[in-house]
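The values are calculated or read from the model by the stated rules, or taken from the named source; none is laboratory data. Small disclaimer: the values here were computed from a predicted structure and weren't measured. Cβ coordinates were reconstructed from backbone atoms using ideal geometry, including for glycine residues, and neighbour counts include every protein chain displayed. These area figures cover heavy atoms from the full protein model, side chains too; ligands, DNA and RNA do not enter into them. Shrake-Rupley method; radii C 1.70, N 1.55, O 1.52, S 1.80 Å.
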Amino acid sequence: MTQVRKILIADDDDDLRDELVEQLALHAEFEPLHAATAQTAILAAREAAPDLIIMDVGLPDMDGREAVRQLRGEGYKNPIIMLTGHDSDADTIDGLDAGANDYVTKPFRFSVLLARMRVHLRQHEASDDALFRIGPFTFQPGSKHLISEKGSKLRLTEKETAILRFLYRARQSVVTRDVLLKEVWGYNSNVTTHTLETHIYRLRQKIEQDPAKSQLLITEAGGYKLMP
């Protein structure tokens, strides 16, 4: 099953916005959200925590770069791609200085925008700033924390963090024990499957409502998978 990423499109051009929503909806990996103003986009970013934002520079109520600056100031760390009708170095520099990750000049081909989106999503997921949703928790691999819906923090060990990160990136596919051992512990010949199973047991004590009946960290034939 493909992980679905929320994409927020902020643009006051109704035709372009509707076209982008329609095109993104054709891809099972995306759930498009949309806003016609900067303030609506900022509110949507706070409430929906999109995985990526496409932000037009020329919004009716606020310069898109200022909206980006505000979002970054509030702690939004996911990728932001800016759209602009002006192809100048000064505009690009201003947008990047505001906190945008990339700049796309109108008119553009959807395939180009899509490729850039995927690049930035992959890069972000590999960074320490990445946040992932696992059941009722927000997973912060950079700080080795799981944060509950009430805001309490559960500290993870380095190996527990590495296991969760690798299983999450597997997109709900089964990862065999041998692969997990190699990816998390490297080629240490002293590490056995018993070591892995001990870490899985401890993880379940932290993330499962009933560790005896796992709903998030599932055992499958030969390995494990994560159901975020």
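Relative to the first principal axis of the alpha-carbon coordinates of the chain, what is the inclination of helix 64-73, with its axis defined by its Cα atoms, in degrees from 0 to 90 and to the nearest 10? Once rounded, the angle reads 30 degrees.
Each of Arg171 and Gln209 was given a label point 7 Å from its Cα along the Cα-to-Cβ line. The distance between the two points is 2.9 nm. Per residue, the range 151-228 exposes 58 Å² of solvent-accessible protein surface, assessed with a 1.4 angstrom probe and all protein chains in place.
Computed from phi, the 3J(HN,Hα) profile of the range 41-50 under the Karplus parametrisation 6.51, -1.76, 1.60 (θ = phi - 60°) reads 5, 5, 5, 5, 5, 5, 7, 9, 6, x Hz, with x in place of Gly and Pro.
For the range 121-193, the Kirkwood estimate of the hydrodynamic radius, built from every pair of different alpha carbons, is 13.2 Å.
Considering every pair of different Cα atoms, what Kirkwood radius, in Å, is found for the range 32-101?
Values: mean 1/r = 0.0838 Å⁻¹.
Final number for the Kirkwood radius of the range 32-101 is 11.9 Å.
Size estimate for the range 67-191 follows the Kirkwood approach: the inverse of mean 1/r over distinct Cα pairs works out to 17.2 Å. Over 22 Å, how big is the tail of the calculated P(r) for the range 56-134, in percent of all Cα pairs? Here the long-distance tail beyond 22 Å is 26 percent of all Cα pairs in the range 56-134.
Net charge dipole, the range 1-130: roughly 480 debye, given to the nearest 20, about the Cα centre with Cβ charges of +1 for Lys and Arg and -1 for Asp and Glu. Distant-in-sequence amide contacts of Met62, defined by a placed amide H-H separation under 5 Å and a gap of 5 or more residues or a different chain, comprise Ala38. Comparing Asn78, Asn190, Asn101 in a Gaussian network model of the chain (Cα springs below 10 Å), the most mobile by mean-square fluctuation is Asn190. Calculated [222 nm] ellipticity per residue, helices only, for the chain: -13000 deg cm²/dmol; basis is -39500 (n - 2.57) per DSSP H run with n ≥ 4, divided by all residues, nearest 500. Rounded to whole numbers, the Karplus 3J(HN,Hα) couplings from phi for the range 162-173 are 5, 5, 4, 4, 5, 5, 4, 5, 6, 6, 6, 8 Hz, using 6.51 cos²θ - 1.76 cosθ + 1.60 with θ = phi - 60°, and x at Gly and Pro.
Against the empirical 2.2 N^0.38 Å (N residues), the chain has a Cα radius of gyration ratio of 1.15.
First compute the accessible area of the range 61-217 with a 1.4 Å probe, then give the percent of it belonging to carbon and sulfur atoms.
Numbers: 4070 of 8510 Å².
Summing carbon and sulfur atoms, their accessible area is 48 percent of the total for the range 61-217.
The length gained on full extension between Phe110 and Glu66, counted as 0.36 nm times the residue separation minus their Cα-Cα distance, comes to 13.3 nm. Between Pro50, Pro79, Pro136, the residue with the greatest mean-square fluctuation in the GNM of the chain (Cα pairs under 10 Å linked by springs) is Pro136.
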